[in-house]
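K.L.:
Handing you this structure, nothing more for now.
Here, each number is a calculation from the coordinates, and none is a lab measurement. All figures in this text were calculated on a predicted structure; none of them were measured in a lab. Cβ placement follows ideal geometry from the backbone for every residue including glycine, while neighbour counts extend to all protein chains displayed.
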């Protein structure tokens, strides 16, 4: 009898080991599938976040209209959405023709501008080093990087179309989507989940308000300043700077390049003045608008902001870099609410018990 029991125990151990192996393989396979799905759907999730930011804007404007006019909530939101679309259409119609002329002028003069800039850089040793770095294989790598950077899921216009409609849908019935997320949360965790959603909404509203203010301000400063200096296509350059203001750290540097290149066609001194205009304008915006943003936002470390932009840029291109700051703010809020506060509470309870 004992001899028969030993093989039976060995068989059970072997089956248990094989079962663990297959269980591990299944977990790894599911994890890989989840990562692949998340990677493919990541841009879609980012567009959903961008749509929610549009909805935050519509709700913020609707709240303002409701406070000033005492209209009902539905009428205020209808005015917010329809009024914004009408104003944007009017602006495109009013200044669209002039901008189109300036865009055509900029595209026609850009090759000559680049050649002039190369000639100016070739006059100095430092400029020659810059040209060597941008030539040959390095130039091709730079082009491939820029092309990858601006790749999107459905194209720029398609993404904007989807984001706008998502924003309108989120605006029409925000409670439907909020309640839908809360359904997935256990009953005892719903209050903290609702608090986190409200806190994230407040932070995003503050970020969006400050960002829109800084975009308008920098557009006016650059357009007026370049017009006074005598740089052509000043309105387009101001508009480009305002749009790129939504990308912290990198946006202002990218926006400065075409302005400085056009300044070089006039003279080196003009290019220096144009560069100073961009730097002074960004300093004014940083000292006036940034404090307003930080009143509503949590304090984001600059190094973390830059790292998040690099990671999001590698994952999802321009859209990822634009949304890196609000995503980082959301992540910090989640860590603060779900981990830091619990650790502090546990430490306080331990201290009181001792």
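K.L.:
If we count other beta carbons within 10 Å of each Cβ, what is the order of 194, 72, fewest first? Don't jump to the answer; show the numbers that get you there.
P.N.:
On the way: 194 15, 72 10.
Result, fewest neighbours first: 72, 194.
K.L.:
Taking the Cα-to-Cβ direction at residue 36 and at residue 189 and moving 7 Å from each Cα, how far apart do the two end points lie in nm?
P.N.:
It works out to 2.8 nm between the two label points.
K.L.:
Continuing with the same structure: How far is it, in nm, from the label point at residue 288 to the one at residue 229 when both lie 7 Å from their Cα along the line to the Cβ?
P.N.:
My value for the distance between the label points is 1.8 nm.
K.L.:
Turning to a different aspect of this structure: Sort 169, 90 so that the residue with the fewest other Cβ atoms within 10 Å of its own Cβ comes first and the one with the most comes last. Provide the component values of the computation, followed by the final result.
P.N.:
On the way: 169 15, 90 11.
The most exposed by this proxy come first: 90, 169.
K.L.:
When 306, 300 are ordered from fewest to most other Cβ atoms inside 10 Å of their Cβ, what list results? Don't skip to the end; give the middle numbers.
P.N.:
Details: 306 14, 300 17.
In increasing order of surrounding Cβ atoms, one gets 306, 300.
K.L.:
Using 0.36 nm per residue, how much length does the chain from residue 198 to residue 44 gain when fully extended, once their Cα-Cα distance is taken away?
P.N.:
On the way: separation 154, 0.36 × 154 = 55.44 nm, distance 2.29 nm.
Additional length available on full extension: 53.1 nm.
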